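Read through the structure below, which is laid out as structure tokens, and then see the notes.
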Amino acid sequence: MIGTDRIGRVAMLSVHTSPLDPPGTGDAGGLNVYVVETARRLAARGAEVEIFTRATAGSLPAPVPMGPGVLVHHVSAGPYEGLAKDDLPGQLCAFAAGVMRTAAGRPEHWYDVVHSHYWLSGQVGWLAADRWNVPLVHTMHTMARVKNALLAAGDKAEPPGREIGEAQVVEAASVLVANTEEEAGDLVRLYDAEPEKVHVVPPGVDLTMFRPGDQAAARRAVGLPEDALVVLFVGRIQPLKAPDVLLLAISELVERDPALRDRLVVGVLGGPSGTGLEKPEALQELAAQLGLTDLVRFVPPVARRELADWYRAADLVTVPSYNESFGLVAVEALASGTPVVAAAVGGLPVAVGDGGVLVDGHDADRWADEIGGLLRDDDRRRALAEAGVRHAAGFGWDRTVDLLEEVYRQARAERSQGLDGMPQMPDNVLTLVSP
Ligand code: UDP
């Protein structure tokens, strides 16, 4: 451990998805963006960040630099291909062994803190932090008990094993990082977290990448007609994200006002994920059933720079999810100068602020009312867009990292004073029991 107040080395754990994977499909989404953005910024401030993720190809060199000061270790745990996220609990022992083996080459007290992302990583972080005698900082990203309470009709519930695993991580962590006060409350209410362990650190948006710009130029860049009315959905295609609610609302809108057909373009950006993988074509089929094939453009996941153009090209971005612990898409859209229509759930009220409209429930008529009302009202959209840009400006990743560094420092100080509830193992005891 470095003797100053500075955080020297952070071990980040992201077992089930790699920060090197492009977000927008499969298991790669907001968590990956969070890990990339915070790791890079911590490193820019002088920390050395090592990220441990499961190897999903034999050809991956180990470790891979992800920019200055950030290394990604690919840990072998189970076959490279064919394992779903639900299979990973059976590989956690192998993953933990791989992390221990990598760290065995390091001197004692190499890391200052372990930051685990998602409960699977928390299970490994629990052991790693104990072994290295450092604090475990954990971010849930999503929680089974929250998700199960808000399932889309017919969607599969998260298994009890996950709930139990999450509860164990809540107990083992020195600090729990929540995205919003609401999530902090869920940790206390649903998982019995000690309130003083929970710190709220809002996630962020890359304010240099996502900023307002010329809509006509953005439309040319992504191949949209300049005079269209453009509504977007951006995210991993799965029932939880409710892209079907958007299509049903659009169908209702064009039924009410058939002239809209001539101008309306609905962009759906992203690929199948989670339970959406069971029927990867379901959304395309729904669009066909609703007679919307000519209006809807399905676009495979796009990289960040192109995504910024899509946001700028849009008149509205919709986030109809049944739950979001925050909803990065909402704040990225606002930062790009586009108002948002979002479900009033989870972290979305915080992410949207006064830059959009919140909708209670998932009734297609209600969604059609809000989307239609805003599409007809240029002045209101402009006012929301201006408010949204101001709102998003408060969510830069630098602020997230300021707060995270403070959480790390506090967790380290409390641990060295023996206040974080973990048994303190003096160095000489470690030496005595070591072979
Ligand atoms: N994303 C992307 N390209 C796409 C679709 C999504 O880069 O084609 C990114 C999006 O910009 C956002 C993330 O994936 O940063 C999704 O995060 P969000 O919090 O909205 O949802 P999550 O994936 O965490 O459920």
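The values are calculated or read from the model by the stated rules, or taken from the named source; none is laboratory data. Everything numeric in this text was worked out from a predicted model, so none of it was measured. Every residue, glycine as well, gets a Cβ built from its backbone with ideal geometry; the counts of neighbours run over all protein chains shown. The area values use the complete protein model at the heavy-atom level, side chains included, leaving out ligands, DNA and RNA. Shrake-Rupley method; radii C 1.70, N 1.55, O 1.52, S 1.80 Å.
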Item checked: Reachable lysines from residue 197, criterion Cα separation under 26 angstrom, eight or more residues apart if same chain -> 147
Margin query: Placing +1 on the Cβ of each Lys and Arg and -1 on the Cβ of each Asp and Glu in the chain, which of 111, 348, 292 has its Cα farthest towards the positive end of the resulting dipole?
Written below: 111
Next item on the list: Using only Cα atoms, tell me the angle between helix 92-104 and the longest principal axis of the chain; keep it within 0 to 90° and round to the nearest 10.
Entry: 60 degrees
Check: Label 7 Å along Cα→Cβ of residue 85; region 113-149 residues with amide nitrogen under 17 Å?
Finding: 116-124, 139-149
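Keeping every protein chain present and rolling a 1.4 Å probe, give me the accessible area per residue for region 341-416 in Å².
Normalised by residue count, the accessible surface of region 341-416 is 41 Å².
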Next item on the list: Round to the nearest 10 and give me the degree value, 0 to 90, for the angle of helix 397-416's Cα axis relative to the longest principal axis of the chain.
Entry: 30 degrees
Next item on the list: Enter the Cα centre distance for the pair region 35-60 and region 400-417, rounded to the nearest angstrom.
Entry: 19 Å
Next item on the list: Leaving ligands, DNA and RNA out of it, rank 294, 365 by accessible area with a 1.4 Å probe, largest first.
Entry: 294, 365
Notebook entry, point to check: GNM on the chain, C-alpha springs below 10 Å: top fluctuator among 361, 154, 267?
Noted result: 154
Next item on the list: Using a 1.4 Å probe over the heavy atoms of the protein chains, calculate the carbon and sulfur portion of the accessible area of region 236-332 as a whole percent.
Entry: 52 percent
Check: So for region 374-423, taking the charge dipole from beta-carbon charges (+1 Lys/Arg, -1 Asp/Glu), which of 385, 374, 397 sits furthest toward the positive end?
Finding: 374
Next item on the list: Can you pull the one-decimal nm distance between simple spin-label points at residue 157 and residue 59, each 7 Å off the Cα toward Cβ?
Entry: 4.3 nm
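Please work out how much length the chain gains when fully extended from residue 398 to residue 378, using 0.36 nm per residue of separation minus the C-alpha to C-alpha distance, in nm with one decimal. Kindly include the intermediate steps, with their values, before the conclusion.
Numbers: separation 20, 0.36 × 20 = 7.20 nm, distance 3.29 nm.
Extra length available between residue 398 and residue 378 comes to 3.9 nm.
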Margin query: Given an 8 Å cut-off on Cα distances and at least 6 residues of separation, report the relative contact order of the chain as a percent.
Written below: 16 percent
Check: Any idea of the accessible area per residue across region 1-148, 1.4 Å probe, to the nearest Å²?
Finding: 37 Å²
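Tally up the carbon and sulfur contribution to the accessible surface of region 79-134 as a whole percent, 1.4 Å probe, everything protein left in place.
So the carbon and sulfur contribution to the accessible surface is 55 percent.
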Notebook entry, point to check: Roughly speaking, what is the centre-to-centre gap between region 258-307 and region 327-367 when only Cα atoms are used, to the nearest Å?
Noted result: 19 Å
Next item on the list: Whole number in Å², please: accessible area per residue of region 200-333, 1.4 Å probe, ligands, DNA and RNA not counted.
Entry: 39 Å²
Check: Can you pull the accessible area of residue 110 for me, 1.4 Å probe, Å² to the nearest 10?
Finding: 60 Å²
Next item on the list: Can you tell me which of 343-352, 309-318 comes out highest on packing, and rank the rest after it, using the mean Cβ neighbours within 10 Å?
Entry: 309-318, 343-352
Notebook entry, point to check: In whole angstrom, how far apart do the alpha carbon centroids of region 219-247 and region 5-24 sit?
Noted result: 29 Å
Notebook entry, point to check: How large is the charge dipole for the chain, taken about the Cα centre, if only the Cβ atoms of Lys, Arg (+1) and Asp, Glu (-1) carry charge, to the nearest 20 debye?
Noted result: 1080 debye
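Relative to the Cα centre, what is the charge dipole magnitude of region 80-212, using +1 at the beta carbon of each Lys and Arg, -1 at the beta carbon of each Asp and Glu, and rounding to the nearest 20 debye?
Result for region 80-212 is approximately 320 debye, rounded to the nearest 20.
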Margin query: Using +1 at the C-beta of Lys and Arg and -1 at the C-beta of Asp and Glu, which of 209, 233, 222 has the Cα lying farthest in the positive direction of the dipole of region 200-255?
Written below: 209
Check: Where does helix 364-376 land angle-wise versus the long Cα axis of the chain, in degrees 0 to 90, nearest 10?
Finding: 70 degrees
Margin query: Can you classify the chain as rounded, prolate or oblate using the Cα gyration tensor, where a ≥ b ≥ c are the square roots of its eigenvalues, rounded means a/c under 1.5, and otherwise it's prolate if a/b beats b/c and oblate if not?
Written below: prolate
Margin query: On a full-extension model of 0.36 nm per residue, what is the gain between residue 20 and residue 101, subtracting their alpha-carbon distance, rounded to one decimal in nm?
Written below: 27.0 nm
Checklist line | Cβ-placed point charges (K, R +1; D, E -1), dipole of region 88-151 about Cα centre in debye, nearest 20 | finding: 200 debye
Item checked: Per-pair calculated FRET efficiency, R0 = 51 Å: residue 93 and residue 285 via Cβ, rounded to 0.05 -> 0.80
